[in-house]
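The values are calculated or read from the model by the stated rules, or taken from the named source; none is laboratory data. Every value quoted in this text rests on a predicted model; they were computed, and no experiment measured them. Glycine gets a Cβ as well: all are built from the backbone with ideal geometry, and neighbour counts include every protein chain shown.
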Amino acid sequence: MSTTIKLPSLGESVESARIVAIQVAVGDEVGAEDPVFEVETDKATLDVPAEEAGRVAEILVAVGDDVEVGQDVLVLESAEDSESGGDDEQGEADEADEQDGVGDPAAERGSGEDEDERDSEERSRETRAEAGEERHETEEQAEDDDADRSASAKGDDGPSEQQSTKSERGDQVENETEAAPAADSDGESAEATAKGDAGKRSKARREAGAGDAAAPPHVRRMARELGVDLAEVAAEDAVRVTEADLFAHVRARLERSAPRGAQAGSTLPDFEEWGPVERQPIDGVRRVTGEKVLESWRRIPQVTHFDSARVGDLQDFRRRHEADDGPVSLTAVIAKVVAEVLRQFPRANASFDEDALEIVLRRSIHLGIAVDTERGLLVPVLHDVQDLGIREIAARLSELVASAHSGDLSPDQLAGGSFTLSNVGMLGGSHFTPIVPWPQVAILGLGRVEPQVVRDAAGEFVEAAVLPLSLSYDHRVLDGGDAARFCRRVAEALEDPMSLWMSG
């Protein structure tokens, strides 16, 4: 018996992966849970194991293939099948010898009966197919009759014009198909004219009383699956909606909702006129990052609030403890401080449900930590930070960053974030405007700690180590005042950590 190995589910929102290595060959014996493929998703590189032991009978993919979750990738033959292969081949040879010789009458009769049986089945299938076509034609004819009666009752010009319209429909579709390439080349003016004509046809159909538009059953089914109200579709003949009408309506709706840069016609100029160029494909992490950033930018009305914190005392405190217990990064300390502040500002640790128009408050705090890698931007997640101490946060953070750079992050380590930290301080820069990653509602950007001249509590000018803070947030969930108070609370806690716990 053979077993087909499929690409398993690789985590939340992962729909496909690329084959980067094949670790077996046809004929190899593998054990259960032995790795057979190495795949790369937009987030990590993972091994795909064999589900059971057996011999590799067939490899269905190649290195570089993009494979969807659930797609067949390998065929395994069980050990019993491999051992019995010789016996099966001998049995097949014996059967072949018998067939080559003079067959006995019983076998010949059996063969004739089989042929009669097959002929009977084919005739039965043909009969069923013809009956199905007749039913389909009958349903469409019945709908045509209903449309005729409805139009007649509304005071239309009479049956003769209805029949004439139907008889000319085929010619109209054929002419429109031939004219389509020319229409495409006319540009935006032709498209606007076509949309105007479609709107007039739709209006005419509504005025004719076609509130429940006439359409063949398969078009009605497609409309239900696509969530389209047929009464809104502009039919070419102003009475009956065709499949082409439905597709044109959906296409126009998608074009209206797409960003301008994504619409047809936004092609780049030919840069080779000014010198040689090189094209580099965008795939893997960079491709998915671009898609997610665009989605977040389109879905979230974002604003960024700037503030800063004096962290000289915190840096001294951190260095003293590093000497005794090992390194603790500034990011680890800030992660703990932000987790405590999020408990005081629960709306910053939330998501916005656009369908229900509700704010979903998340009681656990899972911090995404943006990591700059050679493959692109990755955001592993520190889960349940509210329950961790600074030392434990530092250790887990170090492991996540190392796994991000080596490509060993698991899907679970990249899922579930409720708030994100993006620290560009080690690269330089001060304030910036990070993009809120949907479905979160806020992200805190950290710049480089720089010495600046500031006023102290007594009003004297002093030098202080200043950390820039940049909070981008979803304005549907947080107001400007909320963002200002949140950033100020983070700054106060970094300047005087005891104030955070004293205020409870």
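Annotations for the structure displayed:
- Restricting segment 409-436 to residues that are in a loop (DSSP other than H, G, I, E, B) and touching a strand residue (DSSP E or B) at 6+ places or on another chain (Cβ under 6 Å), the residue that is modelled with the lowest pLDDT: S430
- Restricting segment 322-358 to residues that are in contact with a strand residue (DSSP E or B) (Cβ under 7 Å, 6 or more places away or on another chain) and of a type outside the set (A, V, I, L, M, F, W, C) leaves a set whose member that is surrounded by the fewest Cβ atoms within 10 Å (Cβ to Cβ) is D353.
- Residues within segment 411-427 that are surrounded by fewer than 17 Cβ atoms within 10 Å (Cβ to Cβ), over 23 Å from S296 (Cα atoms) and touching a residue at least 24 places away in the same chain (Cβ under 8 Å), tallied: 1
- Within segment 383-398, if we keep just the residues that are without any contact (Cβ under 8 Å) to a residue 60 or more places away in the chain and in contact with a helix residue (DSSP H, G or I) (Cβ under 6 Å, 6 or more places away or on another chain), the residue that is farthest from E40 (Cα to Cα) turns out to be Q386.
- Residue identified as of a type outside the set (K, R), touching a strand residue (DSSP E or B) at 6+ places or on another chain (Cβ under 8 Å), surrounded by 22 or more Cβ atoms within 10 Å (Cβ to Cβ) and over 18 Å from S329 (Cβ atoms) among L494, L444, L471: L471
- Applying a threshold of 6 Å to beta carbon distances and a minimum spacing of six or more residues, or different chains, the list of pairs starting in segment 29-46 at a residue that is at pLDDT 80 or above and ending at one that is outside any strand (DSSP E or B) and buried (at least 20 other Cβ atoms within 10 Å of the Cβ) reads V30/A50; D34/A50; V36/A50.
- Residues of segment 12-32 classified as small (G, A, S) and surrounded by 17 or more Cβ atoms within 10 Å (Cβ to Cβ), total: 1
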